[in-house]
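The values are calculated or read from the model by the stated rules, or taken from the named source; none is laboratory data. This is a predicted model, so every value here is computed, not measured. Positions of Cβ are backbone-derived with ideal geometry, glycine not excepted, and every protein chain shown enters the neighbour counts. The area values use the complete protein model at the heavy-atom level, side chains included, leaving out ligands, DNA and RNA. Shrake-Rupley method; radii C 1.70, N 1.55, O 1.52, S 1.80 Å.
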Amino acid sequence: MADVTFNTTAGQTIARELMIAYLNTGEASKPVWSPLGKRVEESSAEMDWGEETIQDVLGNTYTNLKKPTITQSFDPCNLDAGDSAIVKVWNLGVKDQNAQALANMDMLIVHRYAGTSAANSWAERYSACAVKPTGLGGEGGGNMEMPIDVTYGGTRTVGTAAITSTGVTFTPEGGE
């Protein structure tokens, strides 16, 4: 695949809201991509490359990297009946305590700043992510919150995401 370029104005920084994580709230064969992190003020995907640096007997230093383990925290996530991603995670995590389902979630990261346009963006789909609520509560007089940690895992498939008023459609590289 050729390098992907940024579809933003040169010399202008890129707005954070142009990278969105989506949780599949539908079925694997008929995904419904619901944004995760509504009302979260700050979130970033952290990459752990499993870095190992050694020095050989001749004094030469070498560094090895592994494919990254990518994690992302969404804190706080306010409970909202209109937020399909939060409702799904609450049902699996709080109501059912279904650890197996929480460790096998389908996620899509859409990089709206990369690709041919913000409406047809470069994206990466992960087939078996751990999406775990890490708490439930909040301040008295405040909102009910459920922080969520995500570890992206399973098969990584890259492609494009078309974003329209009716939803998000992911197309793997090479078509489907």
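Give all pairs with beta carbons closer than 8 Å in which a residue from the range 153-168 that is without any contact (Cβ under 8 Å) to a residue 60 or more places away in the chain and exposed (fewer than 15 other Cβ atoms within 10 Å of the Cβ) meets a residue that is among the aliphatic types (A, V, I, L, M) and part of a loop (DSSP other than H, G, I, E, B); count only pairs at least 6 apart in sequence or on separate chains.
If the second residue must be among the aliphatic types (A, V, I, L, M) and part of a loop (DSSP other than H, G, I, E, B), the pairs left are Thr164/Ala119.
Got at least one residue in the range 139-152 being among the hydroxyl-bearing types (Ser, Thr, Tyr), closer than 18 Å to Asp96 by Cα and either open to solvent by 30 Å² or more (accessible area, probe 1.4 Å) or touching a Leu at 6+ places or on another chain (Cβ under 7 Å) (or both)?
No, that holds for no residue.
Name the single residue, out of those in the range 93-111 being over 13 Å from the mean Cα position of the chain (by Cα) and in contact (Cβ under 8 Å) with a residue 40 or more places away in the chain, that is farthest from Thr71 (Cα to Cα).
Keep residues of the range 93-111 that are over 13 Å from the mean Cα position of the chain (by Cα), which gives 93-104.
Filter once more, keeping what is in contact (Cβ under 8 Å) with a residue 40 or more places away in the chain: 93-94, 104.
Working: Gly93: 18, Val94: 21, Asn104: 15 Å.
Filtering first and then ranking leaves Val94.
Provide a single number: the residues in the range 55-104 that are part of a loop (DSSP other than H, G, I, E, B) and of a type in the set (A, V, I, L, M).
Result for the range 55-104: 6.
Only one of Asp149, Asp106 is charged (D, E, K, R) and closer than 16 Å to Thr25 by Cβ. Can you tell me which?
On inspection, the qualifying residue turns out to be Asp106.
So for the range 27-50 (the condition being open to solvent by 70 Å² or more (accessible area, probe 1.4 Å) and in contact with a Leu (Cβ under 6 Å, 6 or more places away or on another chain)), does at least one residue qualify?
yes
Is it fair to say Met144 is within 15 Å of the chain's Cα centre (by Cα) and touching a residue at least 40 places away in the same chain (Cβ under 8 Å)?
The answer is no for Met144.
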